[in-house]
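I have a structure here, written as structure tokens, and I will follow up with some questions on it.
The values are calculated or read from the model by the stated rules, or taken from the named source; none is laboratory data. Since we're looking at a predicted model, the values are computed, not measured. Every residue, glycine as well, gets a Cβ built from its backbone with ideal geometry; the counts of neighbours run over all protein chains shown. Remember, those area values only see protein heavy atoms, side chains included, never the ligands or the DNA or RNA. Shrake-Rupley method; radii C 1.70, N 1.55, O 1.52, S 1.80 Å.
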Amino acid sequence: LLVPASGPSFLPAVPTPTFPRPISPYNVMQNRSITIVGAGLTGPVLAVFLARRGYSVELFDRGPDPRAATIGRGRSINITLCPRGLRPLDTIGAGAAVRRIGVLAKGRVIHGTDGSLERQPYGNQGEALLSVSRAELNTTLVEHAAREPGVRMAFDERCLRVDFETRMLTLENRRTGAVTTREFRHLIGADGAHSVVRQHLQKRPHFDYSQHYCKHGNKELLLPADSSAAWSQERESLHIWPRGQYMLIAFPNRDGTTTCTLHMPLEGDISHASLRDARDVERVFAESFSDVRWAIPDLAAQYFENPVVPMVTIKCAPWSIEDKALLIGDAAHSIWPSYGQGANSAFEDCAVLDAWLERSPDDAREAFIAFERERKPSTDAMADLSIEHFLELRDLVGDPSFLLRKKIERAMSRLFPLAYQPLYSLVSFTHTPYADALALDRRQRKIVDELMAIDGIEERLETPDVARLMEQMLGPSDSEKTSSRLPASSISI
Ligand SMILES: Cc1cc2nc3c(=O)[nH]c(=O)nc-3n(C[C@H](O)[C@H](O)[C@H](O)COP(=O)(O)OP(=O)(O)OC[C@H]3O[C@@H](n4cnc5c(N)ncnc54)[C@H](O)[C@@H]3O)c2cc1C
């Protein structure tokens, strides 16, 4: 099907499910129409789900059609997809095309300050993430939606205003400047973190809203395909250089290039603000990332050419107003990219909304409320976990006690794969709702804390004594304890 031939049985073809109900002209005539603002990652996926549920869907995006656009360097960030995000793509039949544009990452390689390398596989059963270029992913999803009867898309159409009382949407064509108004039956805001649809909901009473910017920003730097850097030949891994307040992460690309993302405080001694000229950039890289410094010949030029991308958490409620409008994806819940779950959770949103629309086919209001009731606790949990994981990646992945924790977690999940799954696996390699994963982790963490306190645990990890102790601590038998959860091996990428 997809990715490198080295992949184990972890990469089976996922059959494309057929939808229970084909498009029905009757439904369309009954005014089952939905307007979506935003054809980023969420919009096209949702459009296909809705069209197959019998809605006639129109989709507007302010940007140019990605099928015609050329993406400039420094603007094409990498997205890692996990089974949680791939399953909805499989459901709409887009999974195979997305896998074709991806590269597998089976674990992290941690680059120490002394040049040492620590390899941390994502799991014991060949678990892997799929790393794709955001721009290519967007194009693939738009192409897929464009083939779907019942979906119409228009680009360069910026949403200026929404009037919920009259159900009118005002759009401005960015090429001609023409301003038009359109009536909508149901409006879905899939217009990202700075959603205009949400801004209009915010003007209404009792709308809760919070945003929290990270004091760090990231910047993309591209390593050429012909790089001779030895580490860049390890293509099935994410490479991380944790350096306390700042860090570098490298993602392999399909074309042999490697995208490096520099995460740094915006202000301070070593920060984006402190890198004022080429010498500053060269010095920080020579001191902290020497094996990357020489691999990017035009390092300083790229640094100053590419933008600093901010990271923001946005939480809001309610996500809907009657049956008139609903927020989805980043418009409803924007999270820091550290856990790599923003797009994955947005795709999961689409499948959950579709399931509620199936249950309430004639009551969109009911479906919108139920969708939020199911999703919000989980997306709130993921927002908090993303902040926690950012600090973990930045400060801890090189820390000996953190590395010991990871070793114990891996040993426990290898010995008791059904009874114990580390938080990262629960989030990235199962479909466990994020809120449940968080709650389970808080209970499991205490067990790992106790094991870490045992003298010489690292050397004794593989002994029967420690295995017995783990079993006791985990409590009821494997199968009993986890009958409601799927083992990682049953989740395919
Ligand atoms: C640096 C970085 C790295 C990331 N890495 C990952 C990762 O590894 N894994 C992961 O799962 N997620 C990742 N994410 C998150 C992911 O990119 C988002 O969660 C995802 O793009 C959300 O999709 P969306 O459709 O809701 O919003 P977007 O993808 O932002 O799409 C919104 C769309 O709405 C359009 N729009 C906006 N305003 C208007 C308007 N007024 N009128 C018309 N159209 C409008 C925009 O043009 C855009 O096309 C990352 C994010 C960043 C910033």
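Quick check: anything in region 160-168 more than 21 Å from G329 (Cα to Cα), within 14 Å of the ligand (Cβ to nearest atom), touching a Phe, Trp or Tyr at 6+ places or on another chain (Cβ under 8 Å) and not in a helix (DSSP H, G or I)?
Within region 160-168, not a single residue is more than 21 Å from G329 (Cα to Cα), within 14 Å of the ligand (Cβ to nearest atom), touching a Phe, Trp or Tyr at 6+ places or on another chain (Cβ under 8 Å) and not in a helix (DSSP H, G or I).
Among all residue pairs at least 6 apart or on different chains, which show Cβ distances below 7 Å where the first residue, located in region 166-178, is among the charged types (D, E, K, R) and the second is open to solvent by less than 70 Å² (accessible area, probe 1.4 Å)?
That search, which allows pairs on different chains as well, returns R167/F184; R167/K324; E172/L160; R174/D156; R175/D156.
Condition check: closer than 30 Å to T259 by Cβ, of a type in the set (D, E, K, R) and open to solvent by 10 Å² or more (accessible area, probe 1.4 Å). Does D163 satisfy that?
Criteria not met by D163.
With respect to the numbered conditions (1) out of contact with any Ser or Thr (no Cβ under 8 Å at 6 or more places or on another chain); (2) open to solvent by less than 10 Å² (accessible area, probe 1.4 Å), which one is the sole condition not fulfilled by S360?
(2)
Still on this structure, please answer the following. Residues that are more than 9 Å from the ligand (Cβ to nearest atom), at pLDDT below 50 and in contact with a helix residue (DSSP H, G or I) (Cβ under 8 Å, 6 or more places away or on another chain): does region 22-38 have at least one?
Checked against the condition, which is being more than 9 Å from the ligand (Cβ to nearest atom), at pLDDT below 50 and in contact with a helix residue (DSSP H, G or I) (Cβ under 8 Å, 6 or more places away or on another chain), region 22-38 yields at least one hit.
Hey, can you tell me all the residues within region 329-357 that are open to solvent by 20 Å² or more (accessible area, probe 1.4 Å) and over 20 Å from the mean Cα position of the chain (by Cα)?
Listed by number, the residues that qualify are A355, W356.
Let me ask something else. Go through region 191-205 and give me each residue that's touching a residue at least 24 places away in the same chain (Cβ under 8 Å) and open to solvent by 10 Å² or more (accessible area, probe 1.4 Å).
Residues satisfying the conditions are D191, G192, A193, V196, H200, Q202, R204.
Another question about this same structure. Keeping to region 318-350, report how many residues are within 7 Å of the ligand (Cβ to nearest atom), at pLDDT below 95 and not in a helix (DSSP H, G or I).
So the answer is 1.
Just the residues that are among the charged types (D, E, K, R), over 22 Å from I240 (Cβ atoms) and open to solvent by less than 50 Å² (accessible area, probe 1.4 Å), please, taken from region 272-299.
If the condition is that a residue be among the charged types (D, E, K, R), over 22 Å from I240 (Cβ atoms) and open to solvent by less than 50 Å² (accessible area, probe 1.4 Å), then D280 is the only one that fits.
Mind checking which residues of region 242-252 are within 21 Å of R99 (Cβ to Cβ) and open to solvent by 20 Å² or more (accessible area, probe 1.4 Å)?
F251, the sole residue that qualifies.
For A367, state whether it is without any contact (Cβ under 8 Å) to a residue 60 or more places away in the chain, more than 16 Å from the ligand (Cβ to nearest atom), open to solvent by less than 10 Å² (accessible area, probe 1.4 Å) and within 21 Å of A47 (Cβ to Cβ).
yes
Quick check: anything in region 196-213 touching a Ser or Thr at 6+ places or on another chain (Cβ under 6 Å) and away from the ligand (no atom under 14 Å from the Cβ)?
Yes; the residues of region 196-213 include at least one that is touching a Ser or Thr at 6+ places or on another chain (Cβ under 6 Å) and away from the ligand (no atom under 14 Å from the Cβ).
Would you point out the residue of region 75-102, among those that are part of a loop (DSSP other than H, G, I, E, B) and buried (at least 22 other Cβ atoms within 10 Å of the Cβ), that is nearest to the ligand (Cβ to nearest atom)?
Across region 75-102, the extreme among qualifying residues is C82.
Condition first: more than 10 Å from the ligand (Cβ to nearest atom), touching a Gly at 6+ places or on another chain (Cβ under 8 Å), open to solvent by 50 Å² or more (accessible area, probe 1.4 Å) and modelled with pLDDT under 95. Can you find one or more residues in region 121-129 that meet it?
yes
Here is a check on your reading of the model: is H239 farther than 30 Å from A273 by Cα, open to solvent by less than 40 Å² (accessible area, probe 1.4 Å) and within 15 Å of the ligand (Cβ to nearest atom)?
No.
Also: Only one of these is open to solvent by 60 Å² or more (accessible area, probe 1.4 Å) and either small (G, A, S) or in contact with a Cys (Cβ under 8 Å, 6 or more places away or on another chain) (or both): D208, D226, D269, D255. Name it.
Unique residue meeting the criteria: D208.
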